[in-house]
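What follows is one structure encoded as structure tokens, with my remarks underneath.
The values are calculated or read from the model by the stated rules, or taken from the named source; none is laboratory data. Predicted, not measured: the structure shown is a model, and the values here were computed from it. Neighbour counts are summed over all protein chains in view; Cβ atoms, including those assigned to glycine, are modelled from backbone coordinates with ideal geometry. Keep in mind that these areas ignore ligands, DNA and RNA; they rest on the heavy atoms of the full protein, side chains included. Shrake-Rupley method; radii C 1.70, N 1.55, O 1.52, S 1.80 Å.
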Amino acid sequence: CANIDFASPCLLEIMVNKIHWGKGVNYMMQNRKYELEELLYQLGIYLSRDGYPVICAAADLVIQEPERLRRLMKEVYPEVAKRCDCTAASVERSLRSTVATAWESNPELFAEMAMRKISQPPTVGDFLCMVRHDLQKACQT
């Protein structure tokens, strides 16, 4: 999964308007990648975990196209499987396991990301939505 393109929500308008990619945009994309890595680290999802490339690829897809959150099994899992050279079933299993591990590591951060009290681990779709929203918030500050 080394070829993950981290498109920031702030950059979607730029991409839609077909503005040429310059150093500033590349810097912003690197910054967004750093913010995602930082958030995952705070959730206890470390680079050494087998599911790390899978969660990064899935987050990248929903950041680029939020409507994919409604089509996880039909679009996100198969695309992540292609990127990470595995099956859609293993992507689903890896994401569920990663979310469960993150929940055990830092449930308080989940509540902060959800902006409400939550008493159980979110679904994979809800988790990806929360990650996307958290990164979008950071983009606007």
Take the conditions within 13 Å of LEU135 (Cα to Cα), under 14 Å from the mean Cα position of the chain (by Cα) and open to solvent by less than 40 Å² (accessible area, probe 1.4 Å) and apply them to ALA102. Does it pass?
no
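Out of curiosity, is LYS18 closer than 22 Å to GLU112 by Cβ and modelled with pLDDT under 95?
Considered against the rule, which asks whether it is closer than 22 Å to GLU112 by Cβ and modelled with pLDDT under 95, LYS18 comes out as no.
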Report, by residue number, each residue of the range 41-68 that is under 16 Å from SER94 (Cα atoms) and open to solvent by 40 Å² or more (accessible area, probe 1.4 Å).
TYR46, LEU47, SER48, ARG49, ASP50, PRO53
Being touching a residue at least 60 places away in the same chain (Cβ under 8 Å) and among the small types (Gly, Ala, Ser) is the filter; apply it to the range 105-141 and report the residue that is surrounded by the most Cβ atoms within 10 Å (Cβ to Cβ).
ALA138
Among the residues of the range 77-87, how many are in a helix (DSSP H, G or I) and either open to solvent by 20 Å² or more (accessible area, probe 1.4 Å) or over 21 Å from GLU35 (Cα atoms) (or both)?
7
Residue check for ARG68: over 13 Å from VAL131 (Cα atoms), at pLDDT 95 or above, within 14 Å of the chain's Cα centre (by Cα) and assigned to a helix (DSSP H, G or I):
yes
